[in-house]
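S.K.: Sharing a structure here in structure tokens format.
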Amino acid sequence: MTENRTLPPSPFRPDRPVVLPVVAVAGLTAALLVATAPAAVAATPTLPQVIDNIRSFLVGILAGLATLFLTIGGVRYLAAGGDPGQVEKAKTALRSAAIGYALAALAPLAVTILADLVSA
């Protein structure tokens, strides 16, 4: 006599959206951006200070978005359950994260080039 055993339901199902981890990562990213934001200065900022602030803002936004895409890609990959379409979507999100980190690394260079163009 054979016994039919079923596995317990998996918490990662491709038909169920993964909203909670995305919201949690977005909330943590926003909290970190607010916590690390520079305080308002009463004095009038100079052009190099404004450019540095823009660079810091760009790097923070790009790194936060890249981390969000990295998390989404990882959760999608875990939740794919072998479905090739979901695995491809996860890989696309991971590629987007890599591009975001590359842009965050190159943002200071781009702002420096922009500063050189403006000051020339």
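Nothing in this text is a laboratory measurement; each read-out follows from the coordinates by a stated rule. Everything numeric in this text was worked out from a predicted model, so none of it was measured. Quick reminder, even Gly has a Cβ in these numbers, built from the backbone with ideal geometry, and neighbours come from all protein chains shown.
S.K.: I'd like the per residue volume of the convex hull spanned by the Cα atoms of the stretch 48-120, given in cubic angstrom.
M.R.: Taking the convex hull of the Cα positions in the stretch 48-120, it is 59 Å³ per residue.
S.K.: Can you give the FRET efficiency to the nearest 0.05 for Ala102 and Arg5, using r as the Cβ-Cβ distance and R₀ = 41 Å? Display every interim value, and only then the final one.
M.R.: Working: r = 48 Å, r/R0 = 1.16.
About 0.30, to the nearest 0.05.
S.K.: State the extension gain, in nm to one decimal, for the chain segment bounded by Val118 and Asp83, taking 0.36 nm per residue of separation less the distance between their alpha-carbons.
M.R.: In short, 7.5 nm is gained.
S.K.: What is the distance, in nm, between label points placed 7 Å from the Cα along the Cα-to-Cβ direction at Ala26 and at Val50?
M.R.: With each label point 7 Å from Cα toward Cβ, the separation is 3.2 nm.
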